[in-house]
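J.: Before I ask anything, let me first share the structure, which is written out below as structure tokens.
The values are calculated or read from the model by the stated rules, or taken from the named source; none is laboratory data. All of these numbers come straight from a predicted model, not from anything done at the bench. Cβ atoms come from the backbone with ideal geometry, glycine included; neighbour counts cover every protein chain shown. Each accessible area value is taken on the protein alone, full model and side chains, heavy atoms only, with ligands, DNA and RNA left out. Shrake-Rupley method; radii C 1.70, N 1.55, O 1.52, S 1.80 Å.
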Amino acid sequence: MKKKPKYKRILLKLSGEAMRGKREFGIDPQFISYLASEIISAHKMGVQIAIVTGGGNIFRGVAGSKRGMDEATAHYMGMLATIFNAMALQDALEKKGAVVRLQTAIEMKQIAEPFIRKRAIRHMEKGRIVVLGGGTGLPFITTDTGAAMRALELGCDAVFKATKVDGVYSDDPVKNSKAKKYDTLSFKEAFKNDRIKVMDKAAVELCMRNSLKIVVFNTYKKGALEKALLGEKVGTVIE
Ligand code: UDP
């Protein structure tokens, strides 16, 4: 008998890093195509999915302001970068036959619907994958925080955070071979331990206050998203 997923509706956070695959910068259509297959397989399990895209592979507000730009302007540019990624993901998902609705927090009616909470929920109920671009539409925050907000307002059971490592470690596993991986972690630890950088503190705090689970998994491992949805021991669950 087929196992049932543990989650009914999730918010998947794909950072810009996931969109660039192995490139230094920008979008890697091949890797995005692989991501689309992983998302579609998860969706076929009967899980409703909304996706928030990051933009760090193209532009981050903080980087712009460090180079002398007006900070708010730079953040709006960062939000536009997230819409680039959202469009690329929509394209890849549609090419593989998924029905997708793109909604943006900054209105762009030629290319997307505006973000409308109840409409996004309805799309998911009807079996459409919802891609959310533009973060929250407000400067000075990140798409991690945006993802936590959207997960809460869309009634998601958890935020699934895609990363390039297997989960949350006690230290950077790339730099420290002794770093230990956690299977589960408390919100308190994730919030107060400064070495844990899986999501920014504002996002972790929002999840903690609302008891919204964070599931961290490796985007590069084929099938990891499905396994995490089944509740198997991949990645790290912060709860
Ligand atoms: N951003 C913003 N408001 C939001 C979401 C994003 O101002 O609600 C800007 C911010 O400057 C951020 C950039 O968009 O640096 C790209 O998003 P982020 O850095 O979160 O992308 P990721 O790290 O996930 O690739």
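J.: Please verify whether the range 49-59 includes one or more residues that are of a type in the set (A, V, I, L, M), over 23 Å from Pro139 (Cβ atoms), surrounded by fewer than 20 Cβ atoms within 10 Å (Cβ to Cβ) and at pLDDT 95 or above. Can you show your working first?
T.: Step one: list which residues in the range 49-59 are of a type in the set (A, V, I, L, M), which gives 49-52, 58.
From what is left, the residues that are over 23 Å from Pro139 (Cβ atoms) are 49.
Narrowing further to those that are surrounded by fewer than 20 Cβ atoms within 10 Å (Cβ to Cβ): none.
Among the residues of the range 49-59, not one is of a type in the set (A, V, I, L, M), over 23 Å from Pro139 (Cβ atoms), surrounded by fewer than 20 Cβ atoms within 10 Å (Cβ to Cβ) and at pLDDT 95 or above, which makes the answer no.
J.: Further, regarding this structure: Could you tell me whether Gly167 is closer than 23 Å to Gly21 by Cβ, surrounded by 16 or more Cβ atoms within 10 Å (Cβ to Cβ) and in contact with a Phe, Trp or Tyr (Cβ under 9 Å, 6 or more places away or on another chain)? First the steps, then the outcome.
T.: Values: closer than 23 Å to Gly21 by Cβ: yes; surrounded by 16 or more Cβ atoms within 10 Å (Cβ to Cβ): yes; in contact with a Phe, Trp or Tyr (Cβ under 9 Å, 6 or more places away or on another chain): yes.
Yes, satisfied.
J.: Oh, and also: Enumerate the pairs (first residue in the range 64-83 and more than 14 Å from Gly16 (Cβ to Cβ) and of a type in the set (A, V, I, L, M); second residue anywhere and outside any helix (DSSP H, G or I) and open to solvent by 10 Å² or more (accessible area, probe 1.4 Å)) with beta-carbon separation below 7 Å, excluding pairs fewer than 6 apart on the same chain, so at least 6 apart or on different chains.
T.: If the second residue must be outside any helix (DSSP H, G or I) and open to solvent by 10 Å² or more (accessible area, probe 1.4 Å), the pairs left are Ala72/Pro139.
J.: Among (1) surrounded by 18 or more Cβ atoms within 10 Å (Cβ to Cβ); (2) more than 23 Å from Thr136 (Cβ to Cβ), there is one condition Ile39 misses while meeting the rest; what is its number?
T.: All conditions pass for Ile39, except number (2).
J.: Still on this structure: Would you confirm whether or not the range 136-151 contains a residue that is touching a residue at least 24 places away in the same chain (Cβ under 8 Å), assigned to a loop (DSSP other than H, G, I, E, B) and more than 12 Å from the ligand (Cβ to nearest atom)?
T.: no
J.: Let me confirm something: among Glu17, Glu24, which residue is open to solvent by 50 Å² or more (accessible area, probe 1.4 Å) and part of a loop (DSSP other than H, G, I, E, B)? Steps first, please.
T.: Details: Glu17 fails: part of a loop (DSSP other than H, G, I, E, B).
Exactly one residue qualifies, and that residue is Glu24.
J.: Taking only the range 1-50 into account, find how many residues are within 16 Å of the ligand (Cβ to nearest atom) and not small (Gly, Ala, Ser). Quick ask: steps written out before the conclusion?
T.: Taking the range 1-50 as the starting set, the residues that turn out to be within 16 Å of the ligand (Cβ to nearest atom) are 11-28, 31-32, 35, 50.
Now restrict to residues that are not small (Gly, Ala, Ser): 11-14, 17, 19-20, 22-25, 27-28, 31-32, 35.
The qualifying residues number 16.
J.: Of everything in the range 77-124 that's of a type in the set (Asp, Glu) and assigned to a helix (DSSP H, G or I), which residue is farthest from the ligand (Cβ to nearest atom)?
T.: Initial filter on the range 77-124 (of a type in the set (Asp, Glu)): 91, 94, 107, 113.
Retained after the next criterion (residues that are assigned to a helix (DSSP H, G or I)): 91, 94.
Values: Asp91: 18, Glu94: 22 Å.
Going through the qualifying residues, I end up with Glu94.
J.: Then there is this: Within the range 60-97, can you find the residues that are small (Gly, Ala, Ser) and surrounded by fewer than 19 Cβ atoms within 10 Å (Cβ to Cβ)? Reasoning before the result, please.
T.: Keep residues of the range 60-97 that are small (Gly, Ala, Ser), which gives 61, 63-65, 68, 72, 74, 78, 81, 86, 88, 92, 97.
Once the filter is applied, which keeps residues that are small (Gly, Ala, Ser) and surrounded by fewer than 19 Cβ atoms within 10 Å (Cβ to Cβ), the range 60-97 yields Ala63, Gly64, Ser65, Gly68, Ala72, Gly97.
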